[in-house]
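Everything below concerns the one structure shown next.
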Amino acid sequence: MSDNGMIVTESATALPAGVHLPIYMDNHATTPLDPRILEAMMPYFGAKFGNAASRNHSFGWEAEQAVDKAREQIAKLIGATSKEIIFTSGATESNNLALKGIAEMYRERGNHIITQVTEHKAVLDTCKKLEKQGFRVTYLPVQADGLIDIEDLKRAIDDKTILISIMYANNEIGVVQPIREIGQLCHEKGIIFHTDAVQAVGKIPVDVQKDNIDVLSLSGHKIYGPKGVGALYVRRRNPRVQISEQINGGGHERGMRSGTLNVPGIVGLGAACEICSQEMEAEAKRETELRDYLKNKLENALDYVHVNGNMEHHLPGNLNMSFVYVEGESLLMGINDIAVSSGSACTSATLEPSYVLKALGLGDDVAHSSIRFGLGRFNTKAEVDYVSDKIIDVVSKLRELSPLYEMVKEGIDLTKIEWAAH
Amino acid sequence: MAYSDKVIDHYNNPRNVGQMDKSSSEVGTGLVGAPECGDVMRLQIKVNPETQVIEDAKFKTFGCGSAIASSSLATEWVKGKTVAEALAISNTDIVKELALPPVKIHCSVLAEDAIRAAIGDWKKKNNVTETAAATTAAH
């Protein structure tokens, strides 16, 4: 340790019981595979290797049966019917298929699409592409708490609007949009409603009937299932939604998405949904408690911290916090035995902070100071204690090093300084 | 991001952290960067009025690991040098010493700017003109 007591990453003391390093707390990015799901998948890598499209022998039937079971497990979790589930390679493909497929299919009815600025890139980039093809896209702003204003949405609708795509829950700040209200509005106006529900499904109750959702994207690896498999829910009645296929060849999945089905992946996705159906309520309660415990501990120990996103309409396991006057990447460097995510994009080529945090009206300086914690099924209270203690320690040490923190403590107004921006 | 051992060492054991009396005529202060850019460096030097040798240096940095390491290294390097010698430190020297990846070259530029700003401040306080400094350096 140096004379000023700076960060020492190697802990000299023994770890508390139940804590194994590194600690994974980035469950928005991906979740670990639940061992129960792996067990369900294993036979389909081996003896049960059939192609679900082989209709003339038992290998094919076995695979088809497994796929049908998964379809039911997924449908049950979101209040759909199994015929409404289309398998894809993941939520990015689901979002692409939904947006492009609907835009193409309903083009004669209109060319206007509404989405919001805090969507995932899988939606935003797809919308940009559609703009190049002659579609008009309205990107709704969000309020300071990350929620859209339903009045903004109403004003954005015109007689050419064919599709509204609003994510269920945000991957960075965890806010849950007023989906039911948006869905109802869409149904009143005869507009198709798509939601990227990848962070919400399996974490909070999602019901395509009650929520008036027409098309919904979900993914396996966000709910402790495998990567490389996802699904798109496509409503069959009231209204019947049509989607033009984006991958051709063989007419699998009701002609909407060709390609031999990823049977082991699909079995895993089904099993993941089954577990969520049974355990979601208890898990949400546990994660909310852990999340609030983490939040309170950090808020009580540190000054100049604030939470990003509306905490009332929020995912259980998400906490996005700004540690002002400390830069996010240097904070991550001091906690390198903990996997979390930084709102600062200092590690990327652009050095631009998170567009989601900026959309909330956060200044670049605060956005650079933000950390996303993603608690999940396998995180424990002992881990939360370890993580919060470590964060408190490193933030305190980095603030000793921060000229901004020192200036603020001396009563200097940082906004009055003429910074030499680079 | 995979950092070199030297960056990690400076991050874990930053040299010369602190502040000196801004109002002292022997102290030059450079504050560069901007909070919205994600890095702000403050580098201070204490110059011997007789010899123009930098006897002490302190820094504080808000920024990523590379920014902290670059400014920490800068304080080490300027100490014991004359003002003129310190002005010769270039960002490429810092990049080389810390093996900074291309995306982090910005941090080294900031450190070079911080040295120049601190020296500039000291010169202004002491009415040292460019030529006078150059003459001193020639000795």
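Points worth noting:
- When B:V103 is tested against the conditions (1) crowded, with 24+ Cβ neighbours inside 10 Å; (2) at pLDDT below 95, the lone failure is (1).
- Subset of region A:376-402 that is open to solvent by less than 10 Å² (accessible area, probe 1.4 Å) and farther than 21 Å from B:G63 by Cα - its residue that is nearest to the chain's Cα centre (by Cα): A:G376
- Wholly within region A:121-222, strands (runs of 3 or more DSSP E) carrying at least 1 residues that are without any contact (Cβ under 8 Å) to a residue 40 or more places away in the chain, of a type outside the set (S, T, Y) and open to solvent by 10 Å² or more (accessible area, probe 1.4 Å): A:136-140
- Of the residues A:I247, A:I275, A:I266, the single one that is crowded, with 24+ Cβ neighbours inside 10 Å and closer than 28 Å to A:F45 by Cβ is A:I266.
- Residue satisfying all of: in region B:13-71; hydroxyl-bearing (S, T, Y) and open to solvent by less than 10 Å² (accessible area, probe 1.4 Å); farthest from the other protein chains (Cβ to nearest Cβ) among these: B:S70
- Taken together, A:V394, A:V366, A:V408, A:V387 contain a single residue that is touching a residue at least 24 places away in the same chain (Cβ under 8 Å) and facing chain B (nearest Cβ under 9 Å), which is A:V366.
- Residues that are open to solvent by 30 Å² or more (accessible area, probe 1.4 Å) and within 14 Å of chain B (Cβ to nearest Cβ) within region A:411-422 comprise A:I412, A:D413, A:T415, A:K416, A:I417, A:E418, A:W419, A:A420, A:A421, A:H422, listed in sequence order.
The values are calculated or read from the model by the stated rules, or taken from the named source; none is laboratory data. Keep in mind the model is a prediction, meaning the values are calculated, not measured. Cβ coordinates were reconstructed from backbone atoms using ideal geometry, including for glycine residues, and neighbour counts include every protein chain displayed. Note: accessible area is taken over every heavy atom of the protein model, side chains too, but ligands, DNA and RNA are not part of it. Shrake-Rupley method; radii C 1.70, N 1.55, O 1.52, S 1.80 Å.
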